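Here the structure is laid out as structure tokens; the discussion comes afterwards.
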Amino acid sequence: MADNAPHPDHSSRADHSLRHVLRGRRLRGAIIATIGCAIVSFGVAALLTTIFEHKQEAKNPYVRLVEVDESTTDPAPWGINWPRQLDGYKRTAEHTRTDFGGSEALPEEKSARDPWLKRMFAGYAFAIDYRDRRGHAYMLADQEVTKRVTQRPQPGSCLHCHAAVIPTYRRLGQGDVLKGFELLGKMPYPDAHAEVVKTGSSTPAVARALENGPPGTSATAPATHTEGAHPVACVDCHDPKSMELRVTRPGFLLGIRALATSSEPVPHLPSVERWRRGDRARPYDPNVDASRQEVRSFVCGQCHVEYYCGPKTTLFFPWNEGLKVEQIERHYDGFKFPDGHRFYDWQHAETGAEVLKAQHPEFEMWSQGIHARSGVACADCHMPYKREGALKVSDHWVRSPLVNVARACQVCHPYEESEIKARVATIQDRTHGLLERAASALTDMLDAIVAAKKAGATPGDLAPALALQRKAQWRVDFVAAENSMGFHAPAEAARILAEAVDYARQGQLAVVRKSDAPAAAPAAPSPAAPKP
């Protein structure tokens, strides 16, 4: 055997070692593969289980643990069935602030920031208490303590948009909501509020099967009733049986019906246009005719609107001729109170003019803007959708889109948050600048009228100026009282304020010209009749 040839025993031992190593590697590989397959299988199973659970969760978004009905004004029982929505609603009590609004505890007086408001509202309750808005959770509590209610007599119609009041209407009207609406509106505010407290909140009696009892046996959970007044909440916007959105406020139901019968185009409300093209066999009904997207604005428009809620007649929305500021004004000018007097809200303390008070015409202003024409509902921006687990829910923390830009704005506008806020600030700052100019013109007109009265001008002398004051003041207030500072319809807000400046300066000039006019010469005596 050659010296360099491998020894047979050495070669055999090498082969054996190699096979041993290979068997070990194959065993480890098999073990790793088995463990890997087990992990993947477990992961896939867990994923499928999660997907199935989420699908089931989405298919059954809530479990009705508590029965609620049309008399359940307290949102707490609703929250047992729909906790996500109640959690959001409760957050409306939290403080938020934007440049032109806030929700702090009893916010500052607007007149402290804008002293001209006291001049504009001279003789009216808003001159003694007029604050920035707060969240929905405070809508009734703030009304109960405002000096406008505690120091001035107010009618029960004020509760139409501040309390869960429909069950009280139904009780007073013996089942007829419209009749109860009229009856409660005629009461003084303290009496009407006491009626809402008396109605309180109720839950129905419910028969439930006994888990441990014989088959077919059940026990009845008794009905409950607690006195107390609650702010607008779940029952005001949702059908307790189906949770569908619905309009409940008589003022809106009658107002939108009047708008539908008018000839004013409303391209942002396609269901109204369709109803007009139909046979009109029955009145327009938003709960029957409107799309769900429209109702997502209508439920807000029940309260965020212009309306009359004074003591002289039943609360009404002035939409018979349209939603624009001059159309509402025209309706007011042609409206007569039961005593035959032309419509007015109050007589101005400084000038004696019979003037108008705008409430909070967000729905009317939104109706003139690009968002309404684009089919964007109030809820899209103020209650945008969000994800919670597998569920897509509307955020019931109702608030300004400026404090929720990601979900309220960037879903449609793919720009940086800073850019979006800067655009809004530009619109609002420009509108506020125009508002200040209009207020200055209005104040100058008031000064001129007051000076003329002191100089001996008669009501007849001042009649043209007082008519112009009514027009100018109405337009200034329409923009000032609307809570978007022009954002809902920038061009419309600018148009309204331009008209306000024009009417105010016309009124000021009318006074000046009347004061500068030479006194009329006394009439010459008639010639004596010839003697016979």
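Quick look at the values:
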read-out	value
Residue within the stretch 430-440 that is within 22 Å of the chain's Cα centre (by Cα), more than 30 Å from Ala233 (Cβ to Cβ) and modelled with pLDDT of 95 or more present	yes
Qualifying residue in the stretch 323-342 (condition: touching a Leu at 6+ places or on another chain (Cβ under 6 Å) and hydrophobic (A, V, I, L, M, F, W, C))	no
Condition broken by Ser440, with the remaining ones in (1) hydroxyl-bearing (Ser, Thr, Tyr); (2) under 30 Å from Ser374 (Cβ atoms); (3) surrounded by fewer than 14 Cβ atoms within 10 Å (Cβ to Cβ) satisfied	(2)
Subset of the stretch 303-348 [without any contact (Cβ under 8 Å) to a residue 40 or more places away in the chain, crowded, with 20+ Cβ neighbours inside 10 Å and of a type in the set (Ser, Thr, Tyr)]	Tyr308
Lys386 being in contact (Cβ under 8 Å) with a residue 12 or more places away in the chain, in a strand (DSSP E or B) and surrounded by fewer than 20 Cβ atoms within 10 Å (Cβ to Cβ)	yes
Residue within the stretch 349-356 that is more than 16 Å from the chain's Cα centre (by Cα), farther than 24 Å from Leu446 by Cβ, modelled with pLDDT of 95 or more and open to solvent by 50 Å² or more (accessible area, probe 1.4 Å) present	no
Qualifying position, being surrounded by fewer than 18 Cβ atoms within 10 Å (Cβ to Cβ), within 17 Å of the chain's Cα centre (by Cα), among the charged types (D, E, K, R) and on the phi < 0 side of the Ramachandran plot, among Arg152, Arg134, Arg113, Arg97	Arg97
The stretch 124-138 residues that are farther than 26 Å from Ala233 by Cβ, paired with ones that are of a type in the set (Val, Ile, Thr) and open to solvent by 20 Å² or more (accessible area, probe 1.4 Å) (beta carbon under 9 Å, 6 or more apart)	Ala125/Val149
Matching residues in the stretch 389-421 - criterion: being among the small types (Gly, Ala, Ser), assigned to a loop (DSSP other than H, G, I, E, B) and open to solvent by 40 Å² or more (accessible area, probe 1.4 Å)	Gly389
Residues of the stretch 197-227 satisfying the condition of being in contact with a helix residue (DSSP H, G or I) (Cβ under 6 Å, 6 or more places away or on another chain), modelled with pLDDT of 95 or more and either in a loop (DSSP other than H, G, I, E, B) or more than 20 Å from Leu184 (Cα to Cα) (or both)	Glu227
Filter result for Asp380 (part of a helix (DSSP H, G or I), open to solvent by 20 Å² or more (accessible area, probe 1.4 Å), touching a residue at least 24 places away in the same chain (Cβ under 8 Å) and among the acidic types (Asp, Glu))	yes
Number of the exception - Lys179 against (1) open to solvent by less than 40 Å² (accessible area, probe 1.4 Å); (2) under 24 Å from Gly301 (Cβ atoms)	(1)
Residues satisfying the stated conditions in the stretch 355-403, i.e. of a type in the set (D, E, K, R), farther than 25 Å from Asp132 by Cβ and in contact with a Lys or Arg (Cβ under 9 Å, 6 or more places away or on another chain)	Lys386, Glu388, Lys392
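Yes/no matrix, rows are residues, columns are (1) closer than 19 Å to Leu117 by Cα; (2) touching a strand residue (DSSP E or B) at 6+ places or on another chain (Cβ under 6 Å); (3) in contact (Cβ under 8 Å) with a residue 24 or more places away in the chain:
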site	(1), (2), (3)
Ala408	no, no, yes
Pro414	no, no, no
Arg423	no, no, no
Arg437	yes, no, yes
Asp444	yes, no, yes
Ile449	yes, no, yes
Gly456	no, no, no
Pro459	no, no, yes
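The values are calculated or read from the model by the stated rules, or taken from the named source; none is laboratory data. Predicted model only: the values in this text are computed from it and were never measured. Glycine also receives a Cβ, built like all others from the backbone with ideal geometry; neighbour counts cover every protein chain displayed. Surface areas here come from the heavy atoms of the whole protein model, side chains and all, with no ligands, DNA or RNA. Shrake-Rupley method; radii C 1.70, N 1.55, O 1.52, S 1.80 Å.
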